[in-house]
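For reference, the structure discussed in these notes is given below.
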Amino acid sequence: MAASSALFPSLHLRSDRPALRFGDRTLTYAGLASAAGGLAARIAGAGRVAVWATPSLETAVGVVAALLAGVPAVPLNPKTGERELGHIVADSGPTLVLAAAGNELPWALDELERIDVTAAGEGPASALPAEPSPGSPALIVYTSGTTGPPKGAVLPRRAIAATLDALEEAWEWTADDVLVHALPLFHVHGLILGILGPLRRGGEVRHLGRFDVRGVTRELSAGATMLFGVPTMYHRLAEALDGDGEGDGDRELAKALAGARLLVSGSAALPVRDHRRITAATGRAVIERYGMTETLMNTSVRAGGEARPGTVGLPLPGVELRLVDEADGIGEIQVRGPNLFTEYLNRPDATAAAFDGSWFRTGDMATLDADGYVRIVGRKATDLIKSGGYKIGAGEIENALLEHPGVREAAVTGEQDEDLGERIVAWIVPADPQSPPSEAELADHVAALLAPHKRPRVVRLLDSLPRNDMGKIMKGALRA
């Protein structure tokens, strides 16, 4: 088999270039080929394998081994509750679970044969398995919907290759790039983009284990060229850059970020205020991209392109995008292309409902700028508020609220109103809990920036906003 047809061509070269680094532990491409190749031989023929996805070398080795063997891998979030984990295991039906030695596994995995993953090769190097077909399933990633238990999105090998190759073009991503991130490895952002992306390019990834401003500073100052993060992480970087607001922000961090080739934010919208604070301190703009578990990456700002706060750039090569059922300039995003998932596992009804012919219904609402830049308004189910005859996106109100100096965090939802249909509710974490801005002050602030009909009618104060592991605000918890 020609290495060029492989999902990870550099593994076949078995070079001494660094591939993965977690803390002080490093694997070269030769070491990864040996470790993952040996494990692939052990699991060959398994129906599916679960991977206990801790932020570790062993998780990366386990997933790569499954991909080499052509065995679909089911990444498991170690923080998942037992009921949900039991559903995922029963639904996906793995026969094996891969975990680092010493990891204590919950009872829901007791019936599975366990294989302890080692980051060291076993025995002499042998040829890697033949490349599976592009349409064969690679990963089954579980995603929570608005109702019912999580659904398993079946991602084929072609979708992974297509999305990573589209990003290669959009981000000018090469083998010389060194990526640093601290994202969890049970989801698309941290695993596919953050681990498999560098490996497909033949570059290096340095995982911090957990997010830490000092870790970001250290790695970007020591040769890393790219940073992937979610808005919560970039918010903390912006806070560190600000210092106490009187010019004593983190100068080493500013220098490190300024030297990076690419700063990428995803998984949720990065507030405009944080965009501006980071750019002002570093001269470096954060670019955003837009994707989903079912579609992988759909759009992105290009390397060297204009990073417009509030937008997620242009459709990626190979991705078609359209807006349907437009009203007031807002429509639902539908996409099609080689980046799409195959099906929801064991859910033909849900799979059929997710498509409009060959177009996938994302459930995300957006507008298009005159030159095609996509501007996400929010989720159709939770972020589109119909008030007084207007369609209003929660995201633009949230960004406006965050421009008020008395607001630290903000989320916007709608709730029933006899007169308006829905009224706008602002959930605010004040910058100073002892002296929060008043409801009237915030309403006037939004009305002055946007329009009177977009002002919040109700303001509720919180100590913090509920977020999931990827930093997304859980608006269902606000409404409960």
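The values are calculated or read from the model by the stated rules, or taken from the named source; none is laboratory data. Model, not experiment: these values are computed from the prediction. Reconstructed Cβ throughout: ideal geometry from the backbone, glycine too, with neighbour counts over all protein chains shown. Just so you know, the surface numbers come from the protein's heavy atoms only, side chains and all, with ligands and any DNA or RNA stripped out. Shrake-Rupley method; radii C 1.70, N 1.55, O 1.52, S 1.80 Å.
Applying the criterion of at least 2 residues that are open to solvent by 40 Å² or more (accessible area, probe 1.4 Å) to the strands (runs of 3 or more DSSP E) found wholly in the stretch 14-97 leaves 18-22, 25-28. Go through the stretch 201-246 and give me each residue that's modelled with pLDDT under 95 and among the polar types (S, T, N, Q). Scanning the stretch 201-246 gives a single hit, THR232. Would you confirm whether any residue within the stretch 410-422 is touching a residue at least 12 places away in the same chain (Cβ under 8 Å), buried (at least 21 other Cβ atoms within 10 Å of the Cβ) and among the charged types (D, E, K, R)? Checking the stretch 410-422: not a single residue is touching a residue at least 12 places away in the same chain (Cβ under 8 Å), buried (at least 21 other Cβ atoms within 10 Å of the Cβ) and among the charged types (D, E, K, R).
Picking from residues in the stretch 361-409 that are hydroxyl-bearing (Ser, Thr, Tyr) and modelled with pLDDT of 90 or more, the one that is least open to solvent (accessible area, probe 1.4 Å) is THR362.
Within the stretch 321-346, the set of residues being at pLDDT 95 or above and closer than 29 Å to HIS87 by Cβ comprises ILE333, GLN334, VAL335, ASN339, LEU340, PHE341, THR342, GLU343, TYR344, LEU345, ASN346. The criterion of at least 2 residues that are farther than 16 Å from SER267 by Cα is met, among strands (runs of 3 or more DSSP E) falling completely within the stretch 356-413, by 359-368, 384-387, 390-393.
Restricting to the stretch 209-242, and then to whatever is among the hydrophobic types (A, V, I, L, M, F, W, C) and surrounded by fewer than 20 Cβ atoms within 10 Å (Cβ to Cβ), can you tell me which residue is farthest from THR54 (Cα to Cα)? In this case the residue turns out to be ALA240.
Taken over the stretch 438-455, the criterion of being within 13 Å of ALA400 (Cα to Cα), open to solvent by 40 Å² or more (accessible area, probe 1.4 Å) and in a loop (DSSP other than H, G, I, E, B) is satisfied by LEU450, ARG455. Restricting attention to the stretch 437-459, the residues being out of contact with any helix residue (DSSP H, G or I) (no Cβ under 8 Å at 6 or more places or on another chain) and among the charged types (D, E, K, R) number 3.
Here the condition is being aliphatic (A, V, I, L, M), in contact with a helix residue (DSSP H, G or I) (Cβ under 8 Å, 6 or more places away or on another chain), closer than 27 Å to THR143 by Cβ and modelled with pLDDT under 90; of MET474, MET470, it holds for MET470 alone.
With respect to (1) open to solvent by 30 Å² or more (accessible area, probe 1.4 Å); (2) hydrophobic (A, V, I, L, M, F, W, C); (3) outside any strand (DSSP E or B); (4) within 28 Å of ALA138 (Cβ to Cβ), the lone exception for LEU321 is condition (3).
Without any contact (Cβ under 8 Å) to a residue 40 or more places away in the chain and over 30 Å from SER15 (Cα atoms): is that true of GLY81 in this structure? Yes, satisfied. Among the conditions (1) within 30 Å of PHE186 (Cβ to Cβ); (2) over 23 Å from the mean Cα position of the chain (by Cα); (3) open to solvent by less than 50 Å² (accessible area, probe 1.4 Å), ASP463 misses just one, which is (3). Quickly run through the stretch 164-192 and pick out the residues that are in contact with a Gly (Cβ under 8 Å, 6 or more places away or on another chain), under 24 Å from THR54 (Cα atoms) and part of a helix (DSSP H, G or I). Those that are in contact with a Gly (Cβ under 8 Å, 6 or more places away or on another chain), under 24 Å from THR54 (Cα atoms) and part of a helix (DSSP H, G or I): LEU164, VAL188, HIS189.
Scanning the stretch 336-354 for residues that are over 15 Å from PRO156 (Cβ atoms), of a type in the set (A, V, I, L, M) and outside any helix (DSSP H, G or I) gives a single hit, ALA354. Checked against the criterion of being within 24 Å of THR28 (Cα to Cα), charged (D, E, K, R) and open to solvent by 30 Å² or more (accessible area, probe 1.4 Å), the candidates GLU131, GLU169 yield just one match: GLU131.
Out of curiosity, is THR232 under 19 Å from the mean Cα position of the chain (by Cα), among the polar types (S, T, N, Q) and in a helix (DSSP H, G or I)?
Against the criterion (under 19 Å from the mean Cα position of the chain (by Cα), among the polar types (S, T, N, Q) and in a helix (DSSP H, G or I)), THR232 qualifies.
Of everything in the stretch 343-360 that is touching a helix residue (DSSP H, G or I) at 6+ places or on another chain (Cβ under 8 Å) and open to solvent by 30 Å² or more (accessible area, probe 1.4 Å), the residue that is farthest from GLY331 (Cα to Cα) is ASN346. Checking every residue in the stretch 322-342 against the condition of being touching a residue at least 24 places away in the same chain (Cβ under 8 Å), closer than 30 Å to LYS454 by Cα and of a type in the set (Phe, Trp, Tyr) gives zero matches.
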